[in-house]
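*Asks:* One structure follows; several queries about it will come next.
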Amino acid sequence: MNLFKHNIQFEQPEFLTFSWIAVIVIGLLVLFGFVNLLLLRRSYAHEDNIKRTTRTPKWIGGVCTALGYGLVAFLLMVALADPFEDNQPTIIPAGSVNLVGAFDVSNSMAAEDYRDLLPTAPLPDGTRPAPVGPWGSRLAMARTLFTHQVMNALAGNEIGVAVYTADPWPISPLNRDYSTLRGMLATGWLRIGGAPGGGSDFIEGLRVAVETLRQDYDPKKRQIIVLFTDGGVSFESDKEKEEWAENYENAIKEVKALNAEVIVVGLGSTQPQMVPVYHPQTLERIGWWPLKAPDDQKEKTAIDADALRKLAERVGGKFVYVDPQSEASLNIDWANTIGGTKESQGKFYWTSVPLLAAMVCFCLLMLRALVARRNENTPSRQS
């Protein structure tokens, strides 16, 4: 509501919605009292005798009084609605943080969408050689973002790690030993197929992250889940799809019950990509997955961005897309997203304004009543 160049909003707009009821009830009560006063005057004395000693109340005065008290009721309802205006943002210390990184380690995460984007280690002369062997997979990008950016933005806070495919697998509980965590993530702890089961189910990633946060839950700390995935869930039957939909809703309830903040990091290209297969010793690419399938039946995978955006929206979180075509993906502002401070919108409350207006209006009504009573007590000169 724009009022005198102020964008007024209401914390509890339901009071405004039903304010008309209070206005009508108060107005009718005042009018009812006015009508009763007229009837009482006529019942106790002859009209001509009354006119000689007092002034006769007029209908216009009664209606104005009813409108005045209705206005008082409306202003009080406006005050109860808590009117406010957005003020300058206020920087509030976020305190300590508990964060869990949940990584999708299904086969599709081996697709090398970031082969040309993820930088290799520089040579002594400062140049970066072309990648050789496995490089630039979705999982590798997720590892790089987490160890080089997310962890750097959370110095001094506790971090846990979990992986998942169709089933979850916790790797590390919440702890501050970043050096050990980086070592674990750089070795075989974070690898394709590093969790039991097959396929991929990002709901299992949410649930294992929630469970990790619960183990050392502290209500004074921010609870954050960073979910790395390319999405994509397949079903073999309608019954399996129904069961997954139920698990989906339950996982969202668990996240909200923990009051956890969720950041869904979407990985992979929007265009379907094949998954390369490398020789375990020579690290040469020997084909595409599945190896024995004909070329026209090779598996192709793309990010399911719509499903991930919907998930982020349902849990009240954020969706961050790591675009393989943009170098900006290597410079995500994680410090602002989940760092040591968070920004909240300041508010300037206008509650005192309608309260003051209601008091002024009420005082005017009382003053008018006193003046009218004084005039009634003044004998009429009519003979």
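Every number here is computed from the coordinates shown, using simple stated rules; none is lab data. Keep in mind it's a predicted model, so treat the numbers as computed, not measured. Reconstructed Cβ throughout: ideal geometry from the backbone, glycine too, with neighbour counts over all protein chains shown.
*Asks:* Counting other beta carbons within 10 Å of each Cβ, put ASP177, ASP113, ASP125 in order, fewest first. Don't skip to the answer; put the middle values down first.
*Replies:* Values: ASP177 12, ASP113 26, ASP125 5.
Least to most surrounded, the residues fall as ASP125, ASP177, ASP113.
*Asks:* Please go through segment 220-267 and write out the GluC sites (Glu not before Pro) that DSSP classes as loop and that have at most 10 other C-beta atoms within 10 Å. It would help to have the intermediate numbers written out before the result.
*Replies:* Values: sites: GLU236, GLU240, GLU242, GLU243, GLU246, GLU249, GLU254, GLU261; in loops: GLU236.
The qualifying sites are GLU236.
*Asks:* Applying the Karplus parametrisation 6.51 cos²θ - 1.76 cosθ + 1.60 with θ = phi - 60° to the phi angles of segment 121-133, what ³J(HN,Hα) value in whole Hz is obtained for each residue in order, glycine and proline being reported as x?
*Replies:* Result, rounded to whole Hz: 5, x, 7, x, 7, x, 7, 10, x, 5, x, 10, x.
*Asks:* Check ASN175: other-chain or 5+ apart residues with amide H under 5 Å from its amide H, H built from backbone geometry?
*Replies:* ILE159, GLY160
*Asks:* Something else: Which order results if SER172, SER200, SER96, SER179 are arranged by neighbouring Cβ count within 10 Å, fewest first?
*Replies:* With the sparsest Cβ surroundings first, the list reads SER179, SER96, SER172, SER200.
*Asks:* Say a paramagnetic label sat at a point 7 Å from the Cα of LYS298, along Cα to Cβ; which residues of segment 253-278 have their backbone N under 20 Å from it?
*Replies:* Under cut-off, by backbone N: 268-278.
*Asks:* Sequence-distant or interchain residues sharing an amide H contact under 5 Å with VAL265, placed H: which?
*Replies:* Correct list: LEU227, PHE228, THR229, VAL320.
*Asks:* Please report the antiparallel percentage of the DSSP beta bridges confined to segment 90-344, to the nearest 5.
*Replies:* 35
*Asks:* Would you list which aspartates and glutamates come within 19 Å of LYS310, measuring only between C-alpha atoms, while excluding same-chain residues fewer than 8 positions from it?
*Replies:* Once the sequence-local aspartates and glutamates are set aside, what remains near LYS310 is ASP104, ASP201, GLU204, ASP230, GLU242, GLU243, GLU246, GLU249, GLU254, GLU261, ASP323.
*Asks:* What is the Cα radius of gyration of segment 142-253 over 2.2 N^0.38 Å, N being its residue count? Please report the intermediate quantities before stating the final value.
*Replies:* On the way: Rg = 15.0 Å, N = 112, 2.2 N^0.38 = 13.2 Å.
Dividing the Cα radius of gyration by 2.2 N^0.38 Å gives 1.13.
*Asks:* Compute the relative contact order of segment 90-344 as a whole-number percentage, counting only Cα pairs closer than 8 Å that sit 6 or more residues apart in sequence.
*Replies:* 27
*Asks:* Separate question: If Lys and Arg each add +1 and Asp and Glu each add -1, what is the summed charge of the other residues whose beta carbon sits under 11 Å from the beta carbon of SER329? Can you show the working numbers first?
*Replies:* Values: positive: none; negative: ASP113, ASP323, GLU327.
After counting each charged neighbour, the total is -3.
*Asks:* Relative to the present Cα-Cα distance, how much length would full extension add between LEU39 and ASP167 at 0.36 nm per residue of separation?
*Replies:* My answer for the length gained is 37.9 nm.
*Asks:* Could you pull out every residue, at least 5 positions away or on a different chain, whose amide H is within less than 5 Å of the one on TYR278? Hs are placed 1.01 Å off N in the peptide plane, and Pro or chain starts have none.
*Replies:* Placed amide hydrogens put ILE286 under 5 Å from TYR278.
*Asks:* So what are the ³J(HN,Hα) numbers for segment 247-262, from phi and the Karplus equation (6.51, -1.76, 1.60; θ = phi - 60°), rounded to whole Hz, Gly and Pro as x?
*Replies:* 5, 4, 5, 5, 5, 5, 4, 5, 5, 5, 5, 7, 6, 8, 8, 10
*Asks:* Could you tell me the calculated FRET efficiency between ASN7 and SER326, based on Cβ-Cβ distance and R0 = 41 angstrom, to the nearest 0.05?
*Replies:* 0.75
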